[in-house]
Amino acid sequence: MTDETLRLPTIQFRAVLDLGERLAAAITLPKALAHPDLFADWEGDEDDDSADDVLNLSVDYDDGQVHIMLDESGPSFHFHGTNDPFDSPWPEDQTEILLKWALTLAQEIYSLDELLDTIMDAADWFEQGFTLYVPETEPTQLELIDVAITGELLTLPWLGSGSVDHEHIDGDNHPIALVWSADPDRTGTQIARAWLDPATGEPRTEASDGVDWTAVAMSEDEVLQWLVGIYLNHHVAPTPEAQIMRAALERMGGIS
C-alpha cells in the first residue's frame, strides 16, 4: 500500500487561460458518461515541418475509451474496451451524444492551437513554485481555472551504478520497463518492469531474469521498491500538466 505520509502537500494553483467559445459545454453528456478523464496532445513529425500535426483527444472511463484524432483532413475515432475498435462499449443512444460532444471538444482544442502549449507553460510555472499563471495574450475572453495539484511521493534518487530510465512497453494494465545502463552512451538493458494491478489499483513489480545485481549495485528488492515510487509518481498520479489540462478541458466541456 502507498504510504501517504511521504506525499508532498496538495497545492492550490490558478491558471488564466483562453478556452475559446466552449461550444461543447452546450451538449449535455448522458448521466452514465458525465465524468470522463480527459487528456489531449499533439502528434507530429519533428523531422518534417510540412507534415500536418494530429490532435489526439482521449476520453476515458472505467469501462472504455473513445479516442479522437483530428487533423486538417478531418476527424477520425475509435474505441477501446471492446474487441472491435469500431464497436462502442456503451449503448447506441449514449454513444451518439458522447461522440457529438467529444468531436466538438476536439474541434475547439484544434482551433486553439496554442492551448496545449499554454497549459505546458502553466505547469512549468507551477514547478518553479508559482501559484498563479497568467499568459501573454491579445484582448480576449479568458477563464480562471482553479486546480488542487496533488503532491508527489518523496522518493530517493537512483542510488545504484550507471543510469536508469523508464519507458512504456506493450501489455495490459499500463506496464513500464526499468532500463539500466552501466554506460549512458550505450543501449540499456531492461532489469525490471512495473504495472498496475487492476484488482487493487496498486503497482506490482517484477525483476527481469539474469540481471547482475552486483553490477547494478543495488539488490533486487531495493530496485523493485524504488520502482514502485517511480511508477506512482510518473504513471499513476497525474502530472501537474495533466491535472491543469483536465481542469481546462472539463471547463470547455461543461463538466462540473
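Considering (1) of a type outside the set (K, R); (2) under 22 Å from the mean Cα position of the chain (by Cα); (3) in a loop (DSSP other than H, G, I, E, B); (4) modelled with pLDDT of 95 or more, the lone condition that D113 does not fulfil carries the number (4). Inspect segment 171-179 for any residue being open to solvent by less than 60 Å² (accessible area, probe 1.4 Å), of a type in the set (V, I, T) and not in a strand (DSSP E or B) and give the result as yes or no. Checked against the condition, which is being open to solvent by less than 60 Å² (accessible area, probe 1.4 Å), of a type in the set (V, I, T) and not in a strand (DSSP E or B), segment 171-179 yields no hits at all. Does A102 fit the bill of being among the small types (G, A, S), under 30 Å from A15 (Cα atoms) and outside any loop (DSSP other than H, G, I, E, B)? Taking the combined requirement at face value, the residue satisfies it. Under the condition of being open to solvent by 60 Å² or more (accessible area, probe 1.4 Å) and of a type outside the set (K, R), the residues counted in segment 184-195 number 5.
Among the conditions (1) assigned to a helix (DSSP H, G or I); (2) touching a residue at least 40 places away in the same chain (Cβ under 8 Å), P238 misses just one, which is (1). Looking only at residues of segment 208-231 that are in contact with a strand residue (DSSP E or B) (Cβ under 6 Å, 6 or more places away or on another chain) and open to solvent by 20 Å² or more (accessible area, probe 1.4 Å), we find that the one that is modelled with the lowest pLDDT is V228. Filtering I176, I191 for residues that are more than 23 Å from P36 (Cβ to Cβ), touching a strand residue (DSSP E or B) at 6+ places or on another chain (Cβ under 6 Å) and modelled with pLDDT of 95 or more leaves a single hit, I191.
Can you find a residue in segment 121-137 that is outside any helix (DSSP H, G or I) and at positive phi? Reasoning before the result, please.
Initial filter on segment 121-137 (outside any helix (DSSP H, G or I)): 128-137.
Those still in the list that are at positive phi too: 129.
Yes, that holds for at least one residue.
The values are calculated or read from the model by the stated rules, or taken from the named source; none is laboratory data. Since the model is a prediction, treat every value here as computed from it, not as a measurement. Don't worry about glycine lacking a Cβ; one is built from the backbone with ideal geometry, like all the others, and counts go over all protein chains shown. Just the protein is used for accessible areas: all its heavy atoms, side chains included, with ligands, DNA and RNA removed. Shrake-Rupley method; radii C 1.70, N 1.55, O 1.52, S 1.80 Å.
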